[in-house]
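A.B. asks: Sharing a structure below in C-alpha cells format, with a few things to ask.
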Amino acid sequence: MIEILATGALSTVQDLGRTGSLRFGVGTSGAMDDLALAIGNILLGNEPNAAAIEVPILPFKIRFLEATDFALTGADCGARLDTQEIPPWWCLHADKGQILTLGVPKSDARAYLTLAGGLDVAEVLGSRSTQMRGNFGGFEGRPLKKNDILRTIARAPGLTPHSAISASGFGVRPPAFGLPLRAASQNGTTTTAVRVLPAGEYESYTEGALEHFWHACWKVTPQSDRYGYRLEGPVLEAKTVIEKRSHGIVPGVIQVPQSGQPIIQLRDAQPSGGYPKIGTVIEADIWRLGQTRIGESIRFLKVSYEEAVAALEEKQRYLMQLRQAVQLQRKANS
Amino acid sequence: MNISLLGTSAILFEAPGLMDIRHQRRIWSMARRFSSWPDVSEAVPGMTNLMLAFKQPPADIEGLICALREAWEQEAELEIAGRQIELPVTYGGDGGPHLVDVVAHTGLSIDEIVHLHAAPLYTVYALGSHPGYCYLGGMDPRIATPRRKVPVVRLPGGSVSIGGAQTGVSASAGPSGWSTIGHTEMIFFDSSKTQPASFSPGDMIRFRIDKVIK
C-alpha cells in the first residue's frame, strides 16, 4: 500500500493494454514504454501483465504504508528512497514509512514504478489500464492525485518469499543496450530511430515526400502526449487529396493530415480514424517512442513485414532471457 | 478493394464501391467469419472496411490476404435484426452551437436542416472513435458539411453532429472536428457490462425533434 505525496498531472495506472474491445470504440491504452513495464514486473517476479504507475512528469513522491519490494524502470530520474540513491532499472525493498522521490530525468521521458504483486485496481474489460476518454480502468478512471492510496495484490502465502531482494537491491542494464537501434545523430540533437512498415496510402505520396519521410529528422512538437506525437519537418505532399472512410487503426500508425505534418498515433489514440496513413511504427519499437522527449527527433527506418516480425521475436526473446537471469538472481537472494 | 498492413498489429480490408448498407452487410458477415481466424484477436468493422487485430503476427500473411480477397467476392449480406431506438434531440441553442455553420454551408434554413436530419432511420454501421460511439449510415447528403478547420477542444457527451457526409452522437465529452447541431440525453456505454456499448452494428436510430432553439 502506498500514498501519493506529490505528482504531476499525468501519472496513470497502466498495464500492457486493453485488447478485444476495439469494436466497442475502446482504444488500447497501456504503458507507453511496454518494455520498461515488462522489465519492472520481471524484476519483482510479478505476472507479466501486472499494473504499475507510469510517471511522465516529475517530481513524483510516495510514502510506503507497508513494507514491500518495488522496481523503478524507464527514465533515469535520480530516484531516492529516503536519502539512499537508487540506480535506474533497479529493484529494492522498502520499509513501512519510507519515502520514495523521483527527480527530473537526465534522459528519456517516462519512469515506471512497479510494486511486488502489482497494483490492485479492478480489471475493466480485461485490463487495469486507465481509459482516459471513457473515464474507466486504472485508479478511478483518472490520473493520480496527491493523497491517493493504492493497494497491491497480495501474493498467495508461501508462493514467493517475503522479499527476494538483498539489502542493496539489484538491477539490469537498460534495454537500449540489449536491443540497440542506431540512427545517425544530426547537429548534436538526440535522435530516436524506429522501424516503419509502409501503410495503406504510402503509394499516394509524391516521390519527394517519400524521400523526406525516410531521410528527415522529425522533431517531436510540444503537442505530443499519450494520444499521439505531432511531428514537425518537411511538408509531406500527397499526389491527390485523400478522403478516407472511418476505419480501425492501432498505436504506431503514422497519419498525415492535410498540413503534411505527420502524427504518430499512440496508446491513448482513438481506435479509428480517417486521415491517410503513410506508415506504421512497428510494434517492436513503440517503446522507443515512449521514451522520446518533446524537442527530440525521430528517424524512420523502412522494414519489410518479415523484418518487423523478426524484430518482435527478438524483443520477446530478450525479455525471456532477462526473466531467466532475474529468476536466478532472486533465487540466490531468497 | 484495398488490403494493407498496420505494422505487425493488424491488417485493414477496404471494400470497393459505395458506402452503403449492402456493402456494410458484407463487411459484418466478413467480421463474423474472420473473428475466429487463427492469430486474429478481434475483427473490427469500420465504414465499409474491416480491421483484423492480431494476437500475434500471422506467419502466412499472404494466405490471410488471399482469404480476405476471396471472402469479399463470395460473402453474402449479413442481415442483422437490430433494435430500433428513438433519441429525442434538442436542436440548436447551447447544445447545438454549430447549427448556424450548417446553415451557412448548405444555404438551408434551420427548420429544413432539422427536418432533413430527423427524417431518416439511421443504421449503426460500426462503433469506433471513443467508447460507445456509433458511426451512422443514411444521412441526407443535402446537409453534409465539411469537418471544421479547427477542432473543438471539448464537446459534451450526447452531442449530435455532422462531419462530412456522416452524422453521429458523441458518447462522452472530448474533442471533435465535427459540427454540433443538437444534444440528446442517452447513456451509450457502461464499462461494467460484458457488452459495454448500448448499440451494436445493425441497430437503428431515429432522431425525434424534441425542441428547436433558434
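A.B. asks: Inside the range B:163-185, can you point out the residues that are away from chain A (no Cβ under 14 Å), of a type in the set (Val, Ile, Thr) and either in a strand (DSSP E or B) or under 21 Å from B:Thr48 (Cα atoms) (or both)? First the steps, then the outcome.
C.D. replies: Initial filter on the range B:163-185 (away from chain A (no Cβ under 14 Å)): B:179-185.
Of the ones still in play, those that are also of a type in the set (Val, Ile, Thr) are B:180-181, B:184.
Selection gives B:Thr180, B:Ile181.
A.B. asks: Moving to a separate point now. Can you confirm whether B:Gly132 is farther than 21 Å from B:Asp20 by Cβ and either crowded, with 20+ Cβ neighbours inside 10 Å or not aromatic (Phe, Trp, Tyr) (or both)? Can you show your working first?
C.D. replies: On the way: farther than 21 Å from B:Asp20 by Cβ: yes; either crowded, with 20+ Cβ neighbours inside 10 Å or not aromatic (Phe, Trp, Tyr) (or both): yes.
Taking the combined requirement at face value, the residue satisfies it.
A.B. asks: With the checklist (1) at pLDDT below 95; (2) buried (at least 16 other Cβ atoms within 10 Å of the Cβ); (3) not hydroxyl-bearing (Ser, Thr, Tyr) in hand, flag the one item B:Pro156 doesn't pass.
C.D. replies: (2)
A.B. asks: When you go through A:Val196, A:Val241 one by one, which is the residue that is part of a loop (DSSP other than H, G, I, E, B) and over 30 Å from A:Ile86 (Cβ atoms)?
C.D. replies: Numbers: A:Val196 fails: part of a loop (DSSP other than H, G, I, E, B).
Going through A:Val196, A:Val241 in turn, the sole match is A:Val241.
A.B. asks: Scan the range A:15-46 for residues that are part of a loop (DSSP other than H, G, I, E, B), within 14 Å of another protein chain (Cβ to nearest Cβ) and among the aliphatic types (A, V, I, L, M) and jot them down.
C.D. replies: Initial filter on the range A:15-46 (part of a loop (DSSP other than H, G, I, E, B)): A:15-21, A:25-33, A:45-46.
So of that shortlist, the ones also within 14 Å of another protein chain (Cβ to nearest Cβ) come out as A:16-21, A:25-30.
Result: A:Leu16, A:Val26.
A.B. asks: Kindly provide the set of residues from the range A:275-334 that are among the charged types (D, E, K, R) and under 30 Å from B:Asp60 (Cβ atoms), ordered by number. Talk me through it step by step, then tell me what you get.
C.D. replies: From the range A:275-334, those among the charged types (D, E, K, R) are A:277, A:283, A:285, A:288, A:293, A:296, A:299, A:302, A:306-307, A:313-315, A:317, A:323, A:330-331; that's our starting set.
If the condition is that a residue be among the charged types (D, E, K, R) and under 30 Å from B:Asp60 (Cβ atoms), then A:Lys277, A:Glu283, A:Asp285, A:Arg288, A:Lys302, A:Glu306, A:Glu307, A:Glu313, A:Glu314, A:Lys315, A:Arg317, A:Arg323 are the ones that fit.
A.B. asks: Which residue, of B:Asp101, B:Asp94, B:Asp60, B:Asp111, is more than 29 Å from B:Thr167 (Cβ to Cβ) and either surrounded by fewer than 22 Cβ atoms within 10 Å (Cβ to Cβ) or within 12 Å of chain A (Cβ to nearest Cβ) (or both)? Walk me through how you get there before you give the answer.
C.D. replies: Numbers: B:Asp101 fails: more than 29 Å from B:Thr167 (Cβ to Cβ); B:Asp94 fails: more than 29 Å from B:Thr167 (Cβ to Cβ); B:Asp111 fails: more than 29 Å from B:Thr167 (Cβ to Cβ).
Being more than 29 Å from B:Thr167 (Cβ to Cβ) and either surrounded by fewer than 22 Cβ atoms within 10 Å (Cβ to Cβ) or within 12 Å of chain A (Cβ to nearest Cβ) (or both) holds for just one of B:Asp101, B:Asp94, B:Asp60, B:Asp111, which is B:Asp60.
A.B. asks: Being over 17 Å from B:Gly7 (Cβ atoms), assigned to a loop (DSSP other than H, G, I, E, B) and touching a residue at least 12 places away in the same chain (Cβ under 8 Å) is true for just one of A:Pro234, A:Pro251. Which residue is that? Lay out the reasoning, then the answer.
C.D. replies: On the way: A:Pro251 fails: over 17 Å from B:Gly7 (Cβ atoms).
None of the other options fit; the residue is A:Pro234.
A.B. asks: What number of residues in the range B:1-22 are at the interface with chain A (Cβ under 9 Å from one of its Cβ atoms) and surrounded by fewer than 12 Cβ atoms within 10 Å (Cβ to Cβ)?
C.D. replies: Residues flagged as at the interface with chain A (Cβ under 9 Å from one of its Cβ atoms) and surrounded by fewer than 12 Cβ atoms within 10 Å (Cβ to Cβ) within the range B:1-22 amount to 1.
A.B. asks: Here's a follow-up. Can you find even one residue in the range A:239-252 that is modelled with pLDDT of 95 or more, more than 8 Å from chain B (Cβ to nearest Cβ) and within 21 Å of B:Gly177 (Cα to Cα)?
C.D. replies: Within the range A:239-252 (the criterion being modelled with pLDDT of 95 or more, more than 8 Å from chain B (Cβ to nearest Cβ) and within 21 Å of B:Gly177 (Cα to Cα)), the answer is no, since none of the residues qualifies.
A.B. asks: For the condition over 30 Å from A:Ser334 (Cα atoms), at pLDDT below 95 and surrounded by 16 or more Cβ atoms within 10 Å (Cβ to Cβ), what is the one hit in A:Gly169, A:Gly141, A:Gly134? Walk me through how you get there before you give the answer.
C.D. replies: On the way: A:Gly169 fails: over 30 Å from A:Ser334 (Cα atoms); A:Gly141 fails: at pLDDT below 95.
On inspection, the qualifying residue turns out to be A:Gly134.
A.B. asks: Same structure, new question: Against the condition modelled with pLDDT of 95 or more, surrounded by fewer than 22 Cβ atoms within 10 Å (Cβ to Cβ) and either assigned by TED's automatic domain parsing to the domain that holds A:Ser127 or at negative phi (or both), how does A:Glu283 come out, does it pass?
C.D. replies: Numbers: modelled with pLDDT of 95 or more: yes; surrounded by fewer than 22 Cβ atoms within 10 Å (Cβ to Cβ): no; either assigned by TED's automatic domain parsing to the domain that holds A:Ser127 or at negative phi (or both): yes.
Taking the combined requirement at face value, the residue does not satisfy it.
A.B. asks: Also, I was wondering about something else. Looking only at the range A:87-101, count how many residues are among the aromatic types (Phe, Trp, Tyr) and either assigned to a loop (DSSP other than H, G, I, E, B) or on the phi > 0 side of the Ramachandran plot (or both).
C.D. replies: 1
A.B. asks: With at pLDDT 95 or above, β-branched (Val, Ile, Thr) and assigned to a loop (DSSP other than H, G, I, E, B) as the only criterion, which of A:Val121, A:Val104 stands out?
C.D. replies: Working: A:Val104 fails: at pLDDT 95 or above.
So the residue among A:Val121, A:Val104 that is at pLDDT 95 or above, β-branched (Val, Ile, Thr) and assigned to a loop (DSSP other than H, G, I, E, B) is A:Val121.
The values are calculated or read from the model by the stated rules, or taken from the named source; none is laboratory data. Everything numeric in this text was worked out from a predicted model, so none of it was measured. Please note: Cβ atoms are built from the backbone with ideal geometry, for glycine as well, and neighbour counts cover all protein chains shown.
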